[in-house]
Amino acid sequence: MSDTRKAKKLYVLCALELDSMKNTALDGSMPASPMRGAGQVLDGLLAMDIGEEYGNSNPWKGAEALHYWNLAHSFLYEGNLDGAMRVAMLLKEYEGILKAQDIYSLLALTAFYNQYYQQASKAFMKLESLQDISDNDRQAYSEIAMSIFTQHKPVDPKKLRGKPEKRPGVVTMKDDAAKNRELCVASGKIIKDPKWKRCRTCKHPMLLAELRGRRHCPLCHSPLADTKAQSKDVSHLSSTASSTLGGLNDGGDGDEDPRFKNLFSALN
């Protein structure tokens with residue numbers, strides 16, 4: 001896979017450009033070439049061969065996909081196996097942006113290490129059923145699955161929790177991420193705790209406890225000001241997005257470790 005951290009930045013930048021364009025249109029001051037910035041970002045994504053369905057989807061969804069991919073790897077390297085598997089399972093919602101083989105390879109790996117063998121078994125079955133993989137890969141998945149499940153029954157140690165609801169398209173004054181069972185972008189957890197906040201730029205929620213002192217949104221990296229101090233006007237984002245994203249440090253995402261380039265090498 002290409003540089004997922006850079007791809008995420010491009011998705012975020014494109015989303016900010018499009019949000020700015022929408023706000024400008026509503027203000028009645030549409031510039032002559034409103035899609036210039038977004039178009040340049042789209043060209044960059046296509047050049048990186050990431051996001052086959054980009055043109056038909058919300059760029060925030062592309063940013064989410066790459067964000068959760070990086071977050072799952074970060075949790076895995078930290079030894080947070082529950083977190084790694086939890087976030088890897090979220091990636092099933094992003095087929096078409098991420099490759100199915102990458103998604104289910106990561107899910108099989110994290111579920112195996114977390115001893116959720118039923119989830120690992122489902123991931124292997126999905127991998128073996130993919131139509132666009134080579135016969136050698138299919139055979140490799142079959143042999144790895146056989147070596148695992150001759151020693152472990154495909155049973156999970158406990159039942160998985162329920163799925164989150166879809167994020168509402170419009171945030172209202174009665175916005176309640178806990179009631180809506182939305183996802184925390186800092187951890188991938190379902191929000192149940194009333195102590196949470198929503199980024200005023202990308203509109204994604206996060207648990208305060210999961211921010212761990214961070215003052216920027218884990219997804220779009222915008223400053224997380226106090227609610228009373230946050231501005232509802234995002235029209236200025238287009239002019240500042242490039243410089244903001246260019247200099248940020250993706251401390252919460254984590255890099256893809258070359259040790260996991262072949263996700264199953266550790267299982268052989």
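Please treat every number below as a calculation from the coordinates, not as lab data. Note that this is a predicted model, so its numbers are computed, not measured. Don't worry about glycine lacking a Cβ; one is built from the backbone with ideal geometry, like all the others, and counts go over all protein chains shown.
Each peptide in 93-100, 198-205, 7-14 was scored by the mean count of other Cβ atoms within 10 Å over its residues; highest first, the order is 7-14, 198-205, 93-100. Here TYR113 and THR24 are evaluated by their C-beta separation; at R0 = 45 Å the FRET efficiency comes out at 0.40. Each label was represented as a point 7 Å from its Cα along the Cα-to-Cβ direction; for GLN139 and LEU208 these points are 5.8 nm apart. Only the Cβ atoms of Lys and Arg (+1) and of Asp and Glu (-1) were treated as charged; on that basis the dipole of segment 181-224 about its Cα centre amounts to roughly 100 debye.
So for the pair ASN180, LEU130, with labels modelled 7 Å out along Cα→Cβ, what separation do we get in nm? Going from the ASN180 label point to the LEU130 one covers 3.2 nm. So which of LYS99/LYS192; LYS61/LYS179; LYS126/LYS158; LYS6/LYS61; LYS99/LYS189; LYS92/LYS179 end up more than 25 Å apart by C-alpha? Beyond 25 Å: LYS99/LYS192.
Each listed q (0.26, 0.27, 0.33 Å⁻¹) maps to a log10 I(q)/I(0) for segment 181-224 from the Debye sum over equal C-alpha point scatterers, namely -0.86, -0.93, -1.35.
Using the count of nearby Cβ atoms within 10 Å as a rough guide to exposure, how do MET89, MET125, MET21, MET146 rank from fewest to most?
Values: MET89 22, MET125 14, MET21 19, MET146 11.
Ranked by crowding around the Cβ, least crowded first: MET146, MET125, MET21, MET89.
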